[in-house]
Each structure stands twice: as C-alpha cells, then as structure tokens.
Amino acid sequence: MAQNELLPRGATADQSDAFTGSVAAAGRKRTPRARRPALTIAAMIVLGIMLIAAAVGHWIAPYDPALQNVGLGPTGPSAAHWLGTDDLGRDVLSRLLEGAHTALIAPVLIAVGTTVLGTTLGLLAGYRQGWLDTMLMRLTDLMFALPGLLVLIVVVGVAGGGYAISVITLIILGAPSDIRMVRSVTMSQRELAYVDAARTLGIPARRIMFRHVLPNLAPTVVANLLLSFVFALVALAGLSFLGIGLPAGTPDWGLMIQENRGILDINPWAAIAPALLITITACAATLLGDSIYERLDAGKGFSE
Amino acid sequence: MVVVKLVARRLIAAVLLLLVLSLLTYALLALSPGGPERALLGDRPATPETIAAIRAQFLLDEPFPVRYWHWLSQALTGDFGTSITVRQPVISMLSERVNVTVTLALLAAVVTLAVGIPAGLAAGIRRGGRLDRSITLVSLVFLSFPPFAIALVLLYGFAIQLRWFPVYGTGDLSHYVLPAIALALGPAAVLTRHTRAAALQVGEQDYITFARARGLSRFGIWESYLLRNSALPVLTIAGLIIAGYLTGAVFVEQAFSLPGLGSLLVQSVTQKDIPVVQALVLLSGVVVIVANLLVDVAYVIVNPQIRQGRA
C-alpha cells in the first residue's frame with residue numbers, strides 16, 4: 001500500500017490497515033505521490049547548498065567577517081553589503097557564510113555520534129533482549145521524562161560552555177529516541193526467516209546483528225541521522241541565542257540573532273536572515289527524514 | 001480495582017523519577033566550576049573563616065547522603081537557599097516571576113488547542129486533498145521552526161512593521177500576544193499531526209462508514225464520533241506539549257525580554273547562581289513529571305478498554 005502520511009516520529013505503527021488504505025488509494029487520484037518527490041528533491045538541493053556554503057563559505061565571503069566599520073554602523077541592504085551591516089559595521093552576508101561552517105559541522109558530528117550510539121545500543125537491546133534491554137528501556141524512560149533542552153542549557157551553562165561538552169551532552173540527549181526506534185525495528189526483523197536461517201547455520205550473534213540485520217535497518221538509520229541533525233542544529237543555535245556556549249562576536253547564526261535583535265528596525269536582515277537559514281536547513285532535513293520514514297512505512301506494509 | 005493498581009504504579013514511578021531528578025539537581029553543585037564552596041560563596045571574599053562557615057552551613061564535611069538529605073528536606077519545605085548574586089531567598093525570586101511564565105503558558109495553550117485540533121481534524125477528514133497537503137506541509141515547517149526564530153519574525157512583522165503590539169517588556173495582556181504565539185506554534189504543529197493521525201484512524205472505522213450511510217450530517221459525525229474518539233490519542237501528547245512550553249518559554253522570554261522563570265534560568269545559568277538553577281531545574285522537572293502523571297491517570301480513567309481490564 002502506498003500511504004503518504006506525514007506523521008510524528010515513531011507514530012507510524014498505529015496507522016490504518018492495508019485494506020482501507022488501498023481502497024482509499026483506488027478511489028482517489030494520488031496527487032500526493034506525484035508531489036512528494038518534488039519536495040524531497042527541493043529539500044536535498046537546499047541541504048546541498050548549505051553543505052557547499054559550509055565548505056567554501058570562508059573563501060567566497062565578500063568581506064572579512066570580523067572586519068569592523070564602526071563609522072558605518074548598522075545599515076540596510078546595499079550594493080556594497082547585500083544583506084547590510086550589523087551594529088559594528090560588519091558585513092552580514094560574510095558573517096552568515098562564515099557561520100555556515102560552525103552552524104553545520106557540529107550538528108553533523110552530533111548526528112553521527114547519536115546515530116552510532118543509538119543504533120548500536122538499539123540493535124543490542126532489540127536482538128539480545130534480556131537485562132540490557134530492560135535497563136536501557138528504563139534509562140530511556142527517564143530521559144524522555146526530562147525536558148532535554150533545559151538539561152542542555154543547565155549542563156553547558158553551569159559547566160561554563162565549551163564545544164566538547166555541548167557535543168557530548170547533545171549526543172547523550174539524542175540517543176534515547178534512536179535506541180527506541182532501532183530497537184523496535186530490530187525486534188520485528190528478529191522474527192523474520194533470514195535471521196532464523198542465519199542462526200541455524202551457527203553464525204555468531206554479533207555477526208548476525210551487524211552484517212545481516214543492520215543493513216535492513218538502513219532507512220531507519222538514515223532517517224534517524226537526519227532528525228538528530230535537526231535536533232542538534234536547533235539546540236546549538238538556541239544555546240548560542242541564549243548567549244551560552246560561544247564567546248561574543250563569533251560569527252554564529254544563533255549568536256547573530258541574539259546580537260542583532262536590537263537593530264531589527266534598522267537592518268532586520270542581520271537577525272532575520274540567520275533565523276531563516278536555521279529554519280530552512282532544519283525544514284529540509286526534517287522533510288527528507290520524513291520522506292524516508294514514509295517509504296519505510298510503505299515498504300513495511302508490503303512485506304508483511 | 002485495575003484502575004487503582006495502574007494509578008498506584010504510575011504514582012510510584014513518578015516519585016522514583018522525582019528522586020532521581022533531585023539527585024541529578026543536587027549533583028549540579030559538584031559539577032559547577034571551582035567546587036561547591038566557590039559556587040555557594042559567589043563574589044564574597046574567600047577568607048578561610050567564610051569558607052569554614054559555608055562548609056559548616058551546608059554540611060560540606062558530611063558524607064554525600066547526609067548533605068543530599070539536608071538539601072532535599074529544605075527544598076521540600078520550599079527553602080532553596082539564597083541567591084548568590086541577588087542575596088534574596090530563591091523562593092521569593094521564583095514567586096515574583098512565576099506569574100509571567102504561567103500567563104504565557106496558559107495563553108500559548110489556548111492558541112495551541114485553537115489551532116492544532118481544528119487543523120488536524122480538517123486535514124484528517126479531507127485526507128490527501130489540497131487542504132490536507134497544505135496543512136501537513138505547514139505543520140512540518142513549524143515543527144522545525146525554532147521558537148526564537150518565530151519570535152524574531154513576529155517581532156519584526158507585527159511589532160516593528162505593523163506596530164500592532166509592543167516590542168519588549170511586560171504590562172497588559174497585549175505584551176503577551178506575540179510571545180504566546182511564538183511559544184504555541186511548535187506545539188500546535190505537533191498537535192495538528194497527532195490529531196490528523198487520530199482522525200485518520202477513527203475515520204476508517206466501520207461505525208463512521210455506517211454513520212455516513214445512515215445519512216448523518218458531516219458536522220454530526222465530527223461532533224459525536226471524530227472529536228470524541230480522537231481525544232484519547234491527543235491526550236497522550238499533552239505531557240510532551242507541556243515540556244515543550246517549558247523549554248520554549250526560556251527562548252521566548254529571552255527574545256521578548258519578559259521577566260519570567262525562563263529568563264531567570266538563563267540569567268542564573270550565565271551567572272552560575274547555582275541555588276537558583278537548582279530550584280528552577282527541580283521545579284520544571286516536577287511540572288513535567290506531574291503533568292505526565294496526570295495525563296497517564298486521565299488516560300487510564302478515560303479509556304474504557306483499560307478501565308475494564310482489557311488491553
């Protein structure tokens with residue numbers, strides 16, 4: 001069945017049964033099917049542009065992002081400064097391009113870390129079950145009960161900021177939902193014939209988990225990677241918006257929003273452009289992650 | 001009987017969770033740079049006498065369980081000590097600011113419900129249609145739109161360009177409109193998606209088809225079947241949404257310069273005012289845990305399947 005449901009993460013399991021789904025599909029023109037790839041492609045293009053900006057932004061910036069021109073002060077967009085200047089006369093476009101690097105690299109790092117940790121633990125818990133599973137589930141219950149971003153603000157703030165502590169905290173905060181997702185998919189894979197066959201052949205459990213089951217989790221893992229990226233991007237931008245974690249003056253998107261919100265009436269772009277960039281990047285990654293989940297859901301309906 | 005058992009189990013879990021949380025909160029003191037004496041001294045001069053006084057006052061020479069119990073029993077009576085920066089009892093600082101945050105959250109809850117439920121139902125009923133696709137896409141955008149970014153766009157559009165609302169600060173209710181919207185849109189998107197999923201599931205039930213066949217009006221079906229049966233799945237995310245307000249309030253209050261608990265947290269975290277941070281962390285944890293407990297209990301009571309011992 002081909003269901004194009006955009007659902008909250010992990011909420012796809014309780015969806016409709018195949019029968020009514022296919023009746024609905026036959027009875028109506030499936031315009032969403034044709035529309036979805038266009039959006040997905042747009043999301044990929046946006047992410048691609050952002051990654052390129054992160055890679056080469058430093059070299060294509062028209063000005064030195066730290067170059068001050070206090071005499072000029074904050075100005076609106078002009079031919080010399082496409083997105084205007086900030087309070088200290090620094091070029092906003094250059095700071096955005098320079099900031100793309102810090103804005104994207106750390107979230108990528110966190111997303112990879114979260115996914116590796118979450119996938120490994122989820123796979124172990126789902127395949128082996130037993131005490132490890134019970135313990136991990138209690139732990140994730142505990143972490144779900146705490147407001148993650150508050151924990152982040154407090155831990156990073158009290159520990160006195162720093163890149164490493166933000167990254168580690170975010171990896172730990174992001175892992176529980178990955179563990180849950182991977183665990184539940186592993187548990188359904190575990191019941192399939194190929195796992196039984198591998199077990200009968202005497203293949204060691206670790207090999208079955210990482211060589212046989214893991215490849216079948218690929219869509220889940222990729223989707224988790226994207227959603228962890230979004231979480232980290234927004235969380236880090238939020239931290240620097242609050243003035244926690246980074247020294248003042250760093251060309252960082254979150255910090256730019258904070259520093260330039262006082263000149264909204266003179267050069268709104270100085271604060272709104274970074275806010276929109278964060279949002280657009282987050283949207284694109286969410287969209288892509290969602291479309292992978294959807295395909296996953298459709299595929300699951302088919303194989304069952 | 002089943003209900004009592006389930007509620008009791010949830011209650012025990014909530015109490016355990018609160019204990020773990022209070023332990024973590026107390027551990028913040030040890031985590032703070034310079035050690036607990038430094039954190040508790042603040043900017044007072046660190047003569048050996050004052051350090052000894054602090055160590056005695058906070059039982060720092062006692063073993064950890066004794067210290068923790070001392071702190072917890074005081075916290076339970078509402079005594080979180082004195083702020084290091086303002087030299088004011090923490091509890092009075094909280095009570096001065098709690099109104100702002102509660103007003104903000106209540107207004108946001110109204111907006112969330114007023115937007116999320118109708119949008120979700122409309123999308124779920126016209127599944128696959130243009131309206132459904134637009135609502136789904138818009139909700140996806142707001143799902144990834146951080147509250148501080150929304151705040152900024154609202155500030156620029158409605159306070160600076162249109163001048164409909166004041167820019168910063170507190171006062172009458174008009175100061176809360178933009179912050180409440182900024183706080184509400186993310187949770188509203190979550191609610192929309194859950195309501196839509198619930199409406200889809202309910203809409204596929206035989207009794208809806210039968211109600212249609214009987215010639216019940218669309219509105220009648222909505223009112224007596226869809227709304228009521230979609231309520232249960234929606235109830236389950238209430239805890240998530242309340243947690244969303246708590247974190248969102250930190251960013252929104254900061255963006256609009258509202259003197260609430262959220263901006264107090266940012267201020268005390270940056271100034272390393274540990275007693276204030278501890279009180280706020282414990283308070284927000286209590287709010288989330290109690291909210292989840294109430295949701296769980298309500299779910300058990302409302303759901304006839306659980307009530308009758310099935311499922």
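The values are calculated or read from the model by the stated rules, or taken from the named source; none is laboratory data. If you're wondering where the values come from, they're calculated on a predicted model, not measured in any experiment. When we count neighbours, we look across all protein chains shown, and the Cβ atoms used for this are built from the backbone with ideal geometry, even at glycine.
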Segments classed as helices (runs of 4 or more DSSP H), wholly inside region B:1-65, with at least 3 members that are at pLDDT 80 or above and exposed (fewer than 11 other Cβ atoms within 10 Å of the Cβ): B:2-31
Near pairs, Cβ below 8 angstrom, 6+ apart or cross-chain, from region A:103-131 (touching a residue at least 40 places away in the same chain (Cβ under 8 Å)) to any residue that is outside any helix (DSSP H, G or I) and crowded, with 19+ Cβ neighbours inside 10 Å: A:Ala103/A:Asp252; A:Thr119/A:Leu217; A:Leu123/A:Leu217
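So which of B:Leu154, B:Leu178 ends up being crowded, with 23+ Cβ neighbours inside 10 Å, more than 10 Å from every other protein chain (Cβ to nearest Cβ) and of a type outside the set (Lys, Arg)? Give the steps one after another, and end with the answer.
On the way: B:Leu154 fails: crowded, with 23+ Cβ neighbours inside 10 Å.
None of the others qualify; the one that does is B:Leu178.
Across region A:260-277, which residue is farthest from the other protein chains (Cβ to nearest Cβ) among those that are in a helix (DSSP H, G or I) and over 16 Å from A:Leu93 (Cβ atoms)? I'd like the intermediate steps shown before the answer.
Restricting attention to region A:260-277, the residues satisfying the condition of being in a helix (DSSP H, G or I) are A:260-263, A:269-277.
The next check asks that each one be over 16 Å from A:Leu93 (Cβ atoms); those that pass are A:261-262.
Details: A:Arg261: 6, A:Gly262: 10 Å.
In this case the residue turns out to be A:Gly262.
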Residue satisfying all of: in region B:157-175; assigned to a helix (DSSP H, G or I) and surrounded by fewer than 19 Cβ atoms within 10 Å (Cβ to Cβ); farthest from the other protein chains (Cβ to nearest Cβ) among these: B:Ser174
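Kindly evaluate B:Val281 against the criterion of being buried (at least 24 other Cβ atoms within 10 Å of the Cβ), outside any loop (DSSP other than H, G, I, E, B) and at pLDDT below 90. Step through it out loud before you land on a result.
Working: buried (at least 24 other Cβ atoms within 10 Å of the Cβ): yes; outside any loop (DSSP other than H, G, I, E, B): yes; at pLDDT below 90: yes.
Against the criterion (buried (at least 24 other Cβ atoms within 10 Å of the Cβ), outside any loop (DSSP other than H, G, I, E, B) and at pLDDT below 90), B:Val281 qualifies.
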Unmet criterion (only one of (1) crowded, with 19+ Cβ neighbours inside 10 Å; (2) under 24 Å from B:Gln267 (Cα atoms); (3) aliphatic (A, V, I, L, M)) for B:Val102: (1)
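Is it the case that B:Val297 is within 30 Å of B:Phe58 (Cα to Cα), surrounded by fewer than 17 Cβ atoms within 10 Å (Cβ to Cβ), among the β-branched types (Val, Ile, Thr) and more than 9 Å from chain A (Cβ to nearest Cβ)? Write out each step before concluding.
Details: within 30 Å of B:Phe58 (Cα to Cα): no; surrounded by fewer than 17 Cβ atoms within 10 Å (Cβ to Cβ): yes; among the β-branched types (Val, Ile, Thr): yes; more than 9 Å from chain A (Cβ to nearest Cβ): yes.
No; evaluated as a whole, the condition is false for this residue.
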B:Thr192 within 11 Å of another protein chain (Cβ to nearest Cβ), among the hydroxyl-bearing types (Ser, Thr, Tyr) and surrounded by fewer than 24 Cβ atoms within 10 Å (Cβ to Cβ): no
Residue satisfying condition, being surrounded by fewer than 16 Cβ atoms within 10 Å (Cβ to Cβ) and either part of a helix (DSSP H, G or I) or of a type in the set (Phe, Trp, Tyr) (or both), within set B:Val110, B:Val115, B:Val141: B:Val110
Conditions (1) of a type outside the set (Gly, Ala, Ser); (2) more than 30 Å from A:Ala271 (Cβ to Cβ); (3) more than 11 Å from chain A (Cβ to nearest Cβ): number failed by B:Leu183: (2)
Filtered residues of region A:112-155 (kept if more than 14 Å from every other protein chain (Cβ to nearest Cβ) and under 20 Å from the mean Cα position of the chain (by Cα)): A:Val112, A:Gly113, A:Thr114, A:Thr115, A:Val116, A:Leu117, A:Gly118, A:Thr119, A:Thr120, A:Leu121, A:Gly122
Criterion: within 10 Å of chain A (Cβ to nearest Cβ), modelled with pLDDT of 90 or more and within 14 Å of the chain's Cα centre (by Cα) - qualifying residue of B:Gly239, B:Gly262: B:Gly262
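Quick check on this structure: which one of B:Leu152, B:Leu185, B:Leu178, B:Leu143 is aliphatic (A, V, I, L, M) and farther than 30 Å from A:Leu226 by Cα?
So the residue among B:Leu152, B:Leu185, B:Leu178, B:Leu143 that is aliphatic (A, V, I, L, M) and farther than 30 Å from A:Leu226 by Cα is B:Leu178.
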Count of residues meeting criterion [surrounded by fewer than 19 Cβ atoms within 10 Å (Cβ to Cβ) and either more than 9 Å from chain A (Cβ to nearest Cβ) or of a type in the set (Asp, Glu) (or both)] in region B:268-278: 1
Criterion (farther than 30 Å from B:Lys272 by Cα and either within 22 Å of the chain's Cα centre (by Cα) or in a loop (DSSP other than H, G, I, E, B) (or both)) met by exactly one of A:Leu109, A:Leu72: A:Leu72
So B:Val295, is it at pLDDT 80 or above and more than 26 Å from B:Leu143 (Cβ to Cβ): no
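Report yes if some residue within region A:162-169 is more than 14 Å from every other protein chain (Cβ to nearest Cβ) and at pLDDT 90 or above; otherwise report no.
Taking region A:162-169 and keeping what is more than 14 Å from every other protein chain (Cβ to nearest Cβ), we get A:163-164, A:167.
Next, from what is left, pick out any that are at pLDDT 90 or above: A:167.
Yes: one or more hits.
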Contacts under 8 angstrom Cβ, first residue in region B:71-96 being touching a residue at least 12 places away in the same chain (Cβ under 8 Å) and at positive phi, partner part of a helix (DSSP H, G or I) and loosely packed, with under 15 Cβ neighbours inside 10 Å, 6 or more apart: B:Gly81/B:Gln74
Of all residues making up region B:200-229, the number that are away from chain A (no Cβ under 14 Å) and within 17 Å of B:Ala123 (Cα to Cα): 9
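Filter region A:91-116 down to residues that are farther than 15 Å from A:His58 by Cβ and surrounded by 17 or more Cβ atoms within 10 Å (Cβ to Cβ), then give me how many there are.
Residues of region A:91-116 farther than 15 Å from A:His58 by Cβ: A:92, A:106-116.
Adding the requirement that they be surrounded by 17 or more Cβ atoms within 10 Å (Cβ to Cβ) leaves A:92, A:106-107, A:110-111, A:113-115.
Qualifying residue count, region A:91-116: 8.
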The one condition in (1) surrounded by fewer than 22 Cβ atoms within 10 Å (Cβ to Cβ); (2) over 23 Å from the mean Cα position of the chain (by Cα) that A:Val158 fails to fulfil: (1)
Test: residue in region A:25-33 that is loosely packed, with under 15 Cβ neighbours inside 10 Å, part of a helix (DSSP H, G or I), at pLDDT below 60 and among the polar types (S, T, N, Q): yes
Some residue of region B:212-227 being assigned to a helix (DSSP H, G or I) and at pLDDT 80 or above: yes
Subset of region A:218-259 [in contact (Cβ under 8 Å) with a residue 12 or more places away in the chain, of a type in the set (Gly, Ala, Ser) and away from chain B (no Cβ under 11 Å)]: A:Ala223, A:Ser228, A:Ala232, A:Gly249
